[in-house]
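What follows is a short report on a single structure.
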Amino acid sequence: MITSNQVNKVYRTKTIETTALHSVNLEIPEGEFLSIMGPSGRGKSTLLNIIGLLDAPTSGQVQINESNPPKYNTKSMVKFRNKKLGFIFQGFHLIPDLSVSDNIELPLFYRKTSSKERRKLAEEALESVGLKNRMSHFPSQLSDGQKHRVTITRAIVGKPQKILTDQPTGNLDSVMGNEVMDILMHLNSENNITIVMVTHDENMAKKTHKLMRLYDGQQVA
């Protein structure tokens, strides 16, 4: 369960104050696939970052599994995020000098998982998305659709309870976009992984369990 209670986010400079989120309340049960839609620059990614504990709210509270996460910017927070959450962003964020397998193993490296176990888990995860034969390839040798599948694999290799994704199909054509969406839906239905997805695509949003709309940082539906 992910919950947010009266979450606000305000950015301040010496001359201006901008409200990115205003009194956002969420309750996302285990196994739900939630999509978040709204115009660009209206708080969607900010909300996702706060839910994912990458940013702190100005006020309000986020709870995961009915408990308060560790304090922000601490080693405990990093460990909590690494173990409980998986992230898929629109940009691939793959390290070009590392092989596909090494890119996927990175989250496990920070858990101090043995090299043998890291390789085993990476192989299993790649097989689940149809890329086992690409383990030794480098990002430059992959299509955009394959790179997206690698980022999904990196997010799931540590078997997280929840996946947060920001426009995972945004820069893909319809065929590749549907392919990525099918993988996410399979992870949700077969592994009961909670997924929160920011998207601009109404057709993709309709495939999820629930749709939330944000406008000027406020829930409108």
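What to note about this one:
Per-residue answers, yes or no, for (1) closer than 25 Å to L98 by Cβ; (2) touching a Leu at 6+ places or on another chain (Cβ under 7 Å); (3) crowded, with 18+ Cβ neighbours inside 10 Å; (4) not small (G, A, S):
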residue: K112; (1), (2), (3), (4): yes, no, no, yes
residue: E127; (1), (2), (3), (4): yes, no, no, yes
residue: R149; (1), (2), (3), (4): yes, yes, yes, yes
residue: M185; (1), (2), (3), (4): no, no, no, yes
residue: T194; (1), (2), (3), (4): no, no, yes, yes
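- Evaluation of M77 against (1) farther than 21 Å from L187 by Cα; (2) at pLDDT 85 or above; (3) surrounded by 13 or more Cβ atoms within 10 Å (Cβ to Cβ); (4) of a type in the set (A, V, I, L, M) (one fails), failing number: (2)
- Residue that is modelled with the lowest pLDDT, among those in segment 132-174 that are of a type in the set (D, E) and more than 30 Å from T3 (Cβ to Cβ): D173
- Checked against the criterion of being more than 12 Å from the chain's Cα centre (by Cα) and buried (at least 22 other Cβ atoms within 10 Å of the Cβ), the candidates L21, L47, L26 yield just one match: L21.
- Given (1) small (G, A, S); (2) more than 19 Å from M197 (Cβ to Cβ); (3) surrounded by 12 or more Cβ atoms within 10 Å (Cβ to Cβ); (4) without any contact (Cβ under 8 Å) to a residue 60 or more places away in the chain, number of the condition S4 does not satisfy: (2)
- Counted residues, segment 179-221 - those being in contact with a His (Cβ under 7 Å, 6 or more places away or on another chain) and either part of a helix (DSSP H, G or I) or hydrophobic (A, V, I, L, M, F, W, C) (or both): 1
- Pairs, first modelled with pLDDT of 95 or more in segment 24-43, second of a type in the set (G, A, S) and not in a strand (DSSP E or B), C-beta under 8 Å, six or more apart: S35/A205
- When the test is whether a residue is small (G, A, S), surrounded by 16 or more Cβ atoms within 10 Å (Cβ to Cβ) and either farther than 26 Å from R154 by Cβ or modelled with pLDDT of 90 or more (or both), S99 passes it.
- Filter pass, D144 being of a type outside the set (V, I, T) and surrounded by 15 or more Cβ atoms within 10 Å (Cβ to Cβ): no
- The criterion of being at pLDDT below 90, within 28 Å of D201 (Cβ to Cβ) and hydrophobic (A, V, I, L, M, F, W, C) holds for V129.
- Elements of type strands (runs of 3 or more DSSP E) in segment 55-166, at least 1 residues being of a type in the set (S, T, Y), closer than 30 Å to T18 by Cβ and touching a strand residue (DSSP E or B) at 6+ places or on another chain (Cβ under 6 Å): 59-64, 162-166
The values are calculated or read from the model by the stated rules, or taken from the named source; none is laboratory data. Everything numeric in this text was worked out from a predicted model, so none of it was measured. Reconstructed Cβ throughout: ideal geometry from the backbone, glycine too, with neighbour counts over all protein chains shown.
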